[in-house]
Number of protein chains: 4
Amino acid sequence: MYKDACKWKLDVPMPDSVRHLNVSPTIPELNCRVVFSAVSSPVAYEIEELFASNGYIVVSNASAHRMEPDIPLIIPEVNPDHLNIINQQKIKRNYDRGFIVTNPNCSTIPLAMVLAPVKEHFGISKAIVTTLQAISVAGYPGVPALDIFDNIIPNIKNEEEKIESETPKILGKYGGDRFIPYEIDISAKVHRVAVCDGHLLSVSVKTSRKADIEEIKKILKGFSGYIGVYNLPGAPEKPIIVRNEMDRPQPRLDRNAGNGMSVVVGRIQLCSVLDFKMSILVHNTIRDAAGAAILNAELIKAKGYV
Amino acid sequence: MYKDACKWKLDVPMPDSVRHLNVSPTIPELNCRVVFSAVSSPVAYEIEELFASNGYIVVSNASAHRMEPDIPLIIPEVNPDHLNIINQQKIKRNYDRGFIVTNPNCSTIPLAMVLAPVKEHFGISKAIVTTLQAISVAGYPGVPALDIFDNIIPNIKNEEEKIESETPKILGKYGGDRFIPYEIDISAKVHRVAVCDGHLLSVSVKTSRKADIEEIKKILKGFSGYIGVYNLPGAPEKPIIVRNEMDRPQPRLDRNAGNGMSVVVGRIQLCSVLDFKMSILVHNTIRDAAGAAILNAELIKAKGYV
Amino acid sequence: MYKDACKWKLDVPMPDSVRHLNVSPTIPELNCRVVFSAVSSPVAYEIEELFASNGYIVVSNASAHRMEPDIPLIIPEVNPDHLNIINQQKIKRNYDRGFIVTNPNCSTIPLAMVLAPVKEHFGISKAIVTTLQAISVAGYPGVPALDIFDNIIPNIKNEEEKIESETPKILGKYGGDRFIPYEIDISAKVHRVAVCDGHLLSVSVKTSRKADIEEIKKILKGFSGYIGVYNLPGAPEKPIIVRNEMDRPQPRLDRNAGNGMSVVVGRIQLCSVLDFKMSILVHNTIRDAAGAAILNAELIKAKGYV
Amino acid sequence: MYKDACKWKLDVPMPDSVRHLNVSPTIPELNCRVVFSAVSSPVAYEIEELFASNGYIVVSNASAHRMEPDIPLIIPEVNPDHLNIINQQKIKRNYDRGFIVTNPNCSTIPLAMVLAPVKEHFGISKAIVTTLQAISVAGYPGVPALDIFDNIIPNIKNEEEKIESETPKILGKYGGDRFIPYEIDISAKVHRVAVCDGHLLSVSVKTSRKADIEEIKKILKGFSGYIGVYNLPGAPEKPIIVRNEMDRPQPRLDRNAGNGMSVVVGRIQLCSVLDFKMSILVHNTIRDAAGAAILNAELIKAKGYV
C-alpha cells in the first residue's frame, strides 16, 4: 500500500484517501485511461512509450520526451493549442487511443509563463536567467545536507540546457504539422540553495519593441492565458501575481500563492544592459511538478481528448 | 576593553592580542597615524572627515566617501595608481597630513577584480550581475532568522546601485587631476541567501573584442595586478583562482581560498546573449571588508604615503 | 488597517478576512466582550488588568499573570475546572463582568498535556525536560540569523523557570478557594535551534507507581481529557497522537498533526535513571500560542462565562 | 591519488601535503608501523584484526572493537592506563607486534571527559544525557538535506546504546587482567540537528557525595587528566574549558576551542531532580574522530608501545 511504499516528507500528514491506495508494478495493466509519469528520465523513455502504445494517455513530468518533435510540451495558460500535434503523434508512432503529453522543467514553467504575455505584446529576442532553486526538487534522498548546508551549488545537471531549449518550444507556434520554435536567445545559470520549497528566478529581458515598466506590469497582471476558456478546476485564479514591494517575491512568503499554482513576479524594473529585469517565484513541487501534470490532464479532458 | 565591548560571533576564539585592547571614544585623539573606519555610513561621512582634517590617514570600509570625485576607491591589485588623487584631495579639502582612502562595496570588489584583466585584454561594454550574498555582511544583529530561514530576500538596500556605480570608477583611469570612469553598462540584481560567509556572483559579460573561453581562463589565471610590485604582506599569492569543475566555486568550499583573500572563478563558459558567463566567489568578511581595508593600508604604506 | 500594520511572515497569504480589519489603540473602548492579549510581558501586566477592570474577558497568551494565585492557567484538555477560581478573582480584584484567563508557556503546554494522563494513572514525582525550540516563537525580529545559523543557543530567558513553575500549577487541583500545586520536581533545560516551527521535548519521568511502556502508550492514546464534554470547535480530534517509529516525532513532519493542535509523542521507552522517557512535539505558534488562547476562549464560552 | 579519491567537504582547501598521497587498497602491505582505521563498522571488524595479526598497530575510530573485553577504549586524558591490557590482548589473540586500540563514540568522548574528574572527586551514580548532534558526523553523503532542513531527527542508530555502554568502560578501572566497568546508570537520548559541526550535550548528574556548583566548576577547570605526564603534541592546553555566560557553549562559537580538541562546559547549575546539570560542547570531527585517534596514537608512542 502507498503508506508503506512511500517515504512521506511533507509537513502535512498523508491524506487518508492516499494511504490505502494500492501500489502496482509499472506495467500497462491498469484499469484507467490516464496515467501520470514521474519516473526518472532514463527509464521514462521506454515506460511512457509502452503505456502509450497500450492505449493509455501518458501525462508526464519526466524530461525524456519533452523535446521530441511530435510530443507537446504544455503549459495550459500558454500553449494549449500545441495539443493539436497529438494526431500526428498517433499516426507517426502508430498509437491507437494512447498518446504522450509532457510538462516543462521546473524552472522553465515560470519563465515561459511570464515571458508568454510579454512576447505577445512586445516580442522578446533575448533573456538572461539566473535561478536559485530549492532542495525539494531533486527527489529523495536528493541533495546531501553536507553539500547544501551553509552553501550554494552553482549548477544542476542538464538544467541550464533544459531551460534554454524548452522555452523556445513552448513559446513557439504549432504550424499545422510541426512546432516552430520561437526565436529567442536564452542564457541560463542555475544554483541550488538551502531553501525547502520555491524556485526564484532573476531574469533580464530584451524586447523587440520598447516597453515601459508600467505597461509590462499591466500586461502581466492582466494575463489569464487561454485558461479561462477551459475552466480547469486546478487552475489558479490568477496565473501571474505582480507585487510592487522592493523585497518580493520571497520563497517562504510567496510560494503558496494561488495554492502554489500561481507565479509571483516582482522587482520589475529597467535593465541597463537589456531592457527590463524582474524576479519570478514559483512553487517547485506544486506548479512545477505534480500540479503541472494534473493541470495538463485537466486540459486534455477539457479539450475532449479523453 | 574590547572583549567586553564586542559581541564576538566568529567560530574561532577571540585572539588574546585583541581581547585586552582599549576601546576609546570616536574622537581624533588617538596616538597613531592610520585609522580604520567601519562605522555605518550615516555617521561615517562626518567622522571620517573629522579624523582626516586632524591629520589621520583614514582607511575606510564605509560607503560614505566612495563616490566622491577626489577620494580614491582602491583595490590594490586593480587601481593602485588612483592613490595619486590624494594630492588634489588634500588641496581641495585643506587637509595637512591626513586623507581618506576607501575600499569598494562587498560585491563590487570581486566583480572589479575579475573584470579588470578581462577589460585590459578584450575591453568590456556590458555586464549583468546576479549576486547571492551571505548573512554575515549586514553587521549584528543584521538579518532576522525569521526573514532568511528557508527563504531568499531578493534585494539589499542600495546594493545594486553601489555595484553599478563603483565598478566603472575602479576600472577607470586617473586622468592626472580627476577620475575618468570606464564606459561600461552594469545591471545588478542582488539576493540575500542563508549562507554564513561567502558571496557568490553570477556574471554575464560582453567584451569589446571577441574572446574565447580558454583565453579568458588563461588571462584570469595569470592575473597578478600591480600587487607583485608592492609585495604587500596581506596580499594573496594568487588574487584570482580559476576552477574547472562543473560545480565550483561553492561558498563553503572556496571562501577560505588564499586565506579568504583570493577570488575564486569557475564555470567560465559562452553566454548566448552576451559573450561569456562565469561564477565568482569571495569571502565577504575577509577580502570584502576588513581584509580589503588592511590591504589598502599596506598599499598606502608601500607607496610611501605614511 | 491590519495589512499595513502587520509584517506578515507566514508561508500562506494573509486571509482577506484579516487584511481589512481595523487596528485600534490598546485602550478599553472596544465593542466586544472578549479580548485576546499577546502583548509582551512587561506591559501585559497593566494592560490586561485595565481591560479586565473595564469589564472585558481577557484571554492572555502573555506570561505576566500566569502564576498569580487567583488567575487560572488553563489547558482545556487538562484543567478546565480551574476556571472556577474566576469568582474569587472577581471578588478579590473588584472586577465586575471582566476577568483574566491565561494559557501556559509554549514548552509547558505539551509537557503538561502529556504528563496529565500519566499522572492520573500512575502519579509522577520527577521529570527531566530538555527542549529544542523553534525560532518562530520569539516574535519579530526575534533571533538574529547570525546567532542561530549553524548554531544552537543553550538557553532562552526565563523559559526554564516557567516550565518548572507552571507545570505543577496546571497539574494541581482547584481546592475550592485556591490552587494546590501538584508535587513534582521538574528540571528543565532549553535550547533554541534552527527549526522554523515546532518545539521538540525530550522528557524522562519518574512515576509513583510502576508503569510499563505499553500501558503508558495505551493511556496516552486514549487520552481525551475533558474536552469531549465541551465539544470545542477548535479542539483537535485527538489531543495526543502516539507514534511507534524509531525516528518520530520530527518537527517538519509532525507539527501540523491535528491542524497543529495535537501533541505528538514518540520514542516511549524505559529510562535507566528515572522510569520512562519519550519525545514530545508541538506546533509552537498554533497549539502553543494563538491556538491555545482561542481554545481557552471557546472553553470559557462553553462553560457559560461569557 | 588522494585528491582524486576524496570528495573534500571542508571549508579550508585540501593541504598540499595531502593532495598527492597515494591511495592503496586496504591490505596489510603498507610500509608503516601504525595504521588508522575509520572504515565503517561492518567491515572494520575483519580488516582491523587482519592488520593487527600482520603486525600493525591499529588505532581505530570505528565502533567494531570498542566493547571487546581485551581491547582498550581510550581517552588519553581519562584512562591512559587502560593501554595495559595490550599484553593480554596480544596473548589472547596471538598477535605478535600488532594490536588494536579504539577511541569512543563521538558523544561518549565529551561525556566521559567531563564526568571523569567529577567521578574522581564526588563519585557519580546516574546521568541523563540528551544530545544535539551535528550533520558532519555521518560520513558522506550522510543525512539528506530533505530530512534535516527545518527539522530534527530524534534518533541516530545505535548511538544511545553506545553512549550508555562505552562510558562505564572508560570510567572503569583496569584490574590487572580485565576492565572493571564503573557502576553508573546512564540514560541517553540523541538528536540530529541542522548544525554543521559541533555536538552539544545536555547532561544531568547524580553524584555520590554532595557537590556544590562552585566546587564542580573548580574541579572541571583544574582538570588536566594524565595528559601532562605524556606531553602529547596534539593535546589541547586545557582539556576542559568552563564558561560562565548564560548562553554558552554554542556550537559555532565554541567548537574550535583548543583547536577543536578542548571540550567546553557551561550552564553548570543545580538540577532539582538529580544533583547538577550542565551543557557540554565538542567538535565532532576533530576531538571526536580524527583528533581522538591521533591523540591515541601519540599516547601509544609516548608510552613506548611503538
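Nothing in this text is a laboratory measurement; each read-out follows from the coordinates by a stated rule. All figures in this text were calculated on a predicted structure; none of them were measured in a lab. Glycine gets a Cβ as well: all are built from the backbone with ideal geometry, and neighbour counts include every protein chain shown.
If the only charges are +1 at each Lys and Arg Cβ and -1 at each Asp and Glu Cβ, what is the size of the charge dipole of the range A:108-283 around the Cα centre, to the nearest 20 debye?
320
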- Each residue of the range A:89-99 in order: what ³J(HN,Hα) in whole Hz does its phi give by Karplus 6.51 cos²θ - 1.76 cosθ + 1.60, θ = phi - 60°, with x for Gly and Pro? 4, 4, 5, 4, 9, 6, 7, 9, 9, x, 6
- Task: Please get the size of the charge dipole for the protein assembly as shown, origin at its Cα centre, with Cβ charges of +1 on Lys and Arg and -1 on Asp and Glu, quoted in debye to the nearest 20.
- Result: 0
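Using Cα-Cα distances under 8 Å and only pairs 6 or more residues apart, what relative contact order does chain C have, in percent?
18
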- Say a label goes 7 Å from Cα toward Cβ at B:Ala38 in every copy; what distances in nm does this one have to the rest, shortest first? 3.3, 3.7, 4.7
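Which of the trypsin sites (Lys or Arg not before Pro) across the range D:204-306 are loop residues per DSSP, with 15 or fewer other Cβ within 10 Å? Numbers along the way, then the final one.
Values: sites: D:Lys206, D:Arg209, D:Lys210, D:Lys217, D:Lys218, D:Lys221, D:Arg243, D:Arg252, D:Arg255, D:Arg267, D:Lys277, D:Arg287, D:Lys301, D:Lys303; in loops: D:Arg209, D:Lys210, D:Arg243, D:Arg255, D:Lys303.
Of the trypsin sites (Lys or Arg not before Pro), the ones in loops of the range D:204-306 whose Cβ has at most 15 other Cβ atoms within 10 Å are D:Arg209, D:Lys210.
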- Query: For the rotation that brings chain B onto chain C, whose beta-carbon in chain B is nearest the axis, and what is that distance in whole angstrom?
  - Reply: B:Ala145, 2
- Query: What residues qualify as long-range amide H neighbours of C:Ala188, i.e. H under 5 Å apart, gap of 5 or more or another chain, H built at 1.01 Å from N?
  - Reply: C:Val129
- Between copies, how far does the label point of A:Glu68 sit from its twins, in nm, shortest first, when each point is 7 Å from Cα along Cα→Cβ? 5.9, 6.8, 7.3
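Pull out a ≥ b ≥ c, the square roots of the eigenvalues of the alpha-carbon gyration tensor of chain D, then state rounded if a/c is under 1.5, prolate if not and a/b is larger than b/c, and oblate in the remaining case.
Oblate.
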- Output for the range A:8-79: GluC sites (Glu not before Pro) sitting in coil per DSSP, at most 14 other Cβ within 10 Å, listed by number, reads A:Glu29
- Taking each residue of A:201-208 in turn, how many C-beta atoms of other protein chains fall within 10 Å of its C-beta, and what is the average? 3
- Query: How many angstrom lie between the C-alpha centres of the range C:232-306 and the range B:198-276?
  - Reply: 53
- Message: Quick check: convex hull of the Cα atoms in the range A:108-283, volume per residue, rounded to a whole Å³?
- Response: 137
- Once amide H atoms are built 1.01 Å from N in the peptide plane, which residues 5 or more positions from C:Cys271, or in another chain, come under 5 Å H to H? C:Phe276, C:Lys277
- Given R₀ = 25 Å, FRET efficiency for C:Asn94-C:Tyr45 by Cβ-Cβ distance, to 0.05? 0.90
- Item | Number of partner chain Cβ atoms within 10 Å, mean per residue of D:244-257 | 5
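Take peptide C:281-287, look around each residue's Cβ out to 10 angstrom, count Cβ atoms belonging to other protein chains, and average those counts.
Working: counts 2, 0, 0, 0, 0, 0, 0.
Mean shielding by partner chains, rounded to a whole number: 0.
Normalised by the residues of the range C:218-306, what does the relative contact order come to in percent, with Cα pairs under 8 Å and at least six apart?
26
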- Counting pairs of alpha carbon atoms under 8 Å apart in space and at least six apart in sequence, what relative contact order in percent does the range C:108-283 give? 27
- Message: Rg and Dmax in Å for the range C:146-199, alpha carbons only: what are they?
- Response: 15.6, 51
- Residue-averaged 222 nm ellipticity for the protein assembly as shown, from DSSP H runs of 4+ at -39500 (n - 2.57), nearest 500: -8000 deg cm²/dmol
- Placing a label point 7 Å from Cα toward Cβ, how far apart in nm is A:Pro233 from its equivalents in the other copies, listed shortest first to one decimal? 2.7, 7.3, 7.4
- What is the distance, in nm, between label points placed 7 Å from the Cα along the Cα-to-Cβ direction at C:Glu29 and at D:Ala38? 7.0
- Low-density loop GluC sites (Glu not before Pro), the range B:120-167, at most 12 other Cβ within 10 Å, DSSP non-H/G/I/E/B, are none
- Query: At q = 0.19, 0.20 Å⁻¹, what log₁₀ I(q)/I(0) does a Debye calculation on the Cα points of the range A:73-184 give, no solvent, two decimals?
  - Reply: -1.02, -1.08
- First obtain the Kirkwood hydrodynamic radius of the protein assembly as shown from its Cα pairs, then insert it into the Stokes-Einstein equation at 25 °C and 0.890 mPa s, and state the resulting D in µm² per second as a whole number. 73
- B:Asn158 paired with D:Gln269, simple spin-label distance in nm, labels 7 Å along Cα-to-beta-carbon: 4.2
- Item | Cut-off under 5 Å, modelled amide H: who pairs with B:Lys126 long-range | B:Asp185, B:Lys206
- Message: Sort B:84-91, B:63-70, A:125-132, A:51-58 by the packing proxy (mean of other Cβ within 10 Å over each peptide's residues), most packed first.
- Response: A:125-132, A:51-58, B:63-70, B:84-91
- Query: Tell me, how many Å apart are the Cα centres for the range D:146-185 and for the range C:67-87?
  - Reply: 43
